[in-house]
Amino acid sequence: MKVLGIETSCDETAAAVVDATGVLADVVHTQDVHIAYGGVVPELASRAHVEKLGAVVQAALARAGIERPDAVAATSGPGLIGALLVGLSWAKGLAAAWDVPLIGVNHLEGHLLAPLIDEPGFEWPFLALVVSGGHTTVYLAESLGRYKVLGETVDDAAGEAYDKVARLLGLGYPGGPIIDRLAASGDPSAIAFPRPLKGSLDMSFSGLKTAVRTWVQRHDGPVPVEDVCASFQAAVVDVLTDRLLLASRQTGVTRAVLAGGVAANSGLRRRLAETDALRVLVPPLSRCTDNGAMIAHAGRLHLLRGERSGLELAATPAWRL
Ligand code: KG4
Ligand code: ZN
């Protein structure tokens, strides 16, 4: 079964085709209209999806060498309501016109399952650290469709903290990749930023962001940007690693996957790959940030179980996994 996956929940316009052999095409267009604003402007995102999605879908079908797929999967939440509606409406139109099944996919499930695209034999149950611009959660993935939240951020998501710290340092948007790059030439122990853990398996990133702001404001002379980035990144990586290891000790599960846009972070990837207590599946960079392949893949697994969505399927901006 060849499945077309459509992803438009935020600022990537993406489409991909997958089948039993893997990913046949994966086309991602990252919108650049938001750079000037230092963050995603929802209405501009919706409009840019409308302008680009047709070409992105066409390119994915052409690259996969097909005229029509056997089913259509689309992100139906969580995400920006207008942005979701563009992809979902498109998917409904295509499914109706081609007379093929439609399935709505949870964006977070797409992220969580993305590492398995290239490792289909990875065994369940496993822990999943899903870290993106909007979410930072440790799940116990018991089986397809059964995910238990073990811990999550009580305030900002890790990616959001990256973006906010980059903004206060005047570095540009999105902040994650920029800070990651600058951190490589800084000293991670230069500044002792807090590692804010919360009871049970929760965590917090808003206090860390404030600590960076306060440090920068109180600092005399030119700000050592590389050292600030490296020290901030060390704190984020420590918190995320601590939570995942504690989840492993509490559940006895020693397999884990890393997923979401912040999974592209080189410091986090390195640390988790080195962790002896856990076998962490760290996916290729292209599977971390938003893409259509993860939606097509998750949708395909549900379709194979006989699940379908009707054309009345609604966008769910705050859909929890
Ligand atoms: O999953 P994603 O592409 O979109 C959401 O669903 O939110 O994640 C985007 C987030 C942004 O906050 C971005 O700054 C962050 O992922 N990010 C990174 C890196 N690459 C992207 N954060 C840290 N290090 C990176 N290399
Ligand atoms: Zn995402």
Rounded FRET efficiency, nearest 0.05, which uses the C-beta distance separating A273 from E307 and R0 of 35 Å: 0.55
Give the percent of DSSP beta bridges with both residues in the chain that are antiparallel, rounded to the nearest 5. 60 percent
Å² per residue, accessible surface of the chain at 1.4 Å: 41 Å²
Most fluctuating of S266, S248, S143 in the GNM of the chain (C-alpha, under 10 Å) is S143
With a 10 Å radius around each residue's Cβ, average the other Cβ atoms per peptide and rank 185-196, 304-315, highest first. 185-196, 304-315
If you fit an axis through the alpha-carbon atoms of helix 158-168 and take the longest principal axis of the Cα set of the chain, what angle between them do you get, 0 to 90°, nearest 10? 60 degrees
Hey, what did segment 124-282 get for relative contact order, percent, Cα under 8 Å, at least 6 apart? 28 percent
Mean separation of Cα contacts under 8 Å, 6 or more apart, over the residue count of the chain: relative contact order %: 25 percent
About the Cα centre of the chain, how large is the charge dipole given +1 on each Lys and Arg Cβ and -1 on each Asp and Glu Cβ? Please answer in debye to the nearest 20. 360 debye
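Once fully extended, how much extra length lies between S200 and T254, figured as 0.36 nm per residue of separation less the alpha-carbon to alpha-carbon distance?
The span from S200 to T254 would gain 17.6 nm if fully extended.
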How much length would be gained if the chain were fully extended between L246 and D118, taking 0.36 nm per residue of separation minus their Cα-Cα distance, in nm to one decimal? 43.4 nm
May I ask you to list the GluC sites (Glu not before Pro) in segment 115-197 that are in a DSSP loop and have at most 14 other Cβ atoms within 10 Å of their Cβ? E123
Fraction of accessible area attributable to carbon and sulfur, segment 114-272 (%, probe 1.4 Å): 49 percent
Give me the angle, in degrees from 0 to 90, between the Cα long axis of helix 206-218 and the longest principal axis of the Cα atoms of the chain, rounded to the nearest 10. 40 degrees
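What is the extension gain from A184 to I35, computed as 0.36 nm multiplied by their sequence separation minus the C-alpha to C-alpha distance, in nm to one decimal?
Answer, rounded to one decimal: 51.3 nm.
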Label-point gap, in nm, between A59 and V149 - each point 7 angstrom along Cα→Cβ: 3.5 nm
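Give the calculated FRET efficiency between A96 and R320 to the nearest 0.05, with a Förster radius of 25 Å applied to their Cβ-Cβ distance.
0.30
The values are calculated or read from the model by the stated rules, or taken from the named source; none is laboratory data. Only a predicted model underlies this, so the values are computations on that prediction, with no experimental measurement involved. Cβ sites come from the backbone with ideal geometry, for glycine too, and all protein chains shown count toward neighbours. Surface accessibility is based on the protein's heavy atoms, side chains included, excluding ligands, DNA and RNA. Shrake-Rupley method; radii C 1.70, N 1.55, O 1.52, S 1.80 Å.
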